[in-house]
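The values are calculated or read from the model by the stated rules, or taken from the named source; none is laboratory data. None of these values were measured; they are calculated from a predicted model. Using ideal geometry, Cβ is built from the backbone for each residue, glycine included, and neighbour counts are taken over all protein chains shown. Heavy atoms of the whole protein, side chains included, go into the accessibility calculation; ligands, DNA and RNA do not. Shrake-Rupley method; radii C 1.70, N 1.55, O 1.52, S 1.80 Å.
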Amino acid sequence: DDDTLRKVLGRVLKEAGYEVTLTSEGNEALREYSNAKEGKSPFDAVILDLTIPGGMGGKETMERIKTIDPDVKAVVASGFANDNALSEYRKYGFSGVVSKPYKVEEMEEVLTSVINGQSTNTDLLLSNCKHC
C-alpha cells in the first residue's frame, strides 16, 4: 500500500535473486498475473497487501487470482493484526503471512518457504507485530 515500501522491497528481492514485477493495486496485479500465466511465464508467488487505499486490496485480489490459477502461491502482508486474513490466512487462500512492520529477512524466509511448498511458522511471522 506504500509506494516507497513496495519499491524498496522490490529492490531487495531483486538483489536476493528474484525476478520482480511491482503493481500498486489489485486490478493491476490481476492483469500482470493473467498476462504472465497466458504468456507461459507464470509467477512463482505473489505478495499482496490487505489494504490498498483507493484500490482493490489483498483479499479480493486473491479471490480473483484463484479463478485464474487455483494453485497460486501467495503471501499476505498487513499491519492490521486484527484482520482474520492474518490469523486464518489459509482460509483466504494464502500460503504464508507477514505482519508489518516486518524485517526483509522475514519476508524472504516466508517467500522462499511458500515457493518451495513448505509450511510457514506463523508464530515467528507474527512476532514483530506491534498490534498483536
Residue-normalised accessible area of the range 1-128, given per residue in Å² at a 1.4 Å probe: 55 Å²
For the chain, treating each Cα as an identical point scatterer without solvent, what Debye log10 I(q)/I(0) comes out at q = 0.10 1/Å? -0.28
Provide the per-residue ³J(HN,Hα) series for the range 48-63, in order, calculated from phi with Karplus coefficients 6.51, -1.76, 1.60 and θ = phi - 60°, each as a whole number of Hz, with x at glycine and proline positions. 10, 7, 5, 10, 10, x, x, x, 6, x, x, 5, 5, 4, 4, 4
How many nm is it between the label spots at Ala16 and Gln118, if each spot is 7 Å from the Cα in line with the beta carbon? 1.3 nm
Show me the ranking of peptides 4-17, 24-37, 93-106 by mean Cβ neighbours inside 10 Å, starting with the highest. 93-106, 24-37, 4-17
On a 0 to 90° scale, report how tilted helix 3-15 is relative to the longest principal axis of the chain, with both axes built from alpha carbons and the result rounded to the nearest 10. 80 degrees
Mind checking which lysines have their Cα closer than 27 Å to the Cα of Lys14? Skip sequence neighbours fewer than 8 apart in that chain. Lys37, Lys40, Lys59, Lys66, Lys73, Lys100, Lys103
Rounded to two decimals, what ratio of Rg to Rh does the range 1-52 give with C-alpha atoms and a Kirkwood Rh? 0.96
Which length gain, in nm to one decimal place, applies between Ser34 and Asp2 when the Cα-Cα distance is subtracted from 0.36 nm times their residue separation? 9.2 nm
Expressed as a percent, the accessible surface of the chain that is carbon or sulfur, using a 1.4 Å probe and the full set of protein chains, is 45 percent
If you line up the long axis of helix 26-38 against the longest principal axis of the chain, both from Cα atoms, how many degrees apart are they, to the nearest 10? 50 degrees
Taking placed amide H atoms and a strict 5 Å upper bound, the residues 5 or more places from Ala74 or on another chain that come that close are Val46, Ser95, Gly96
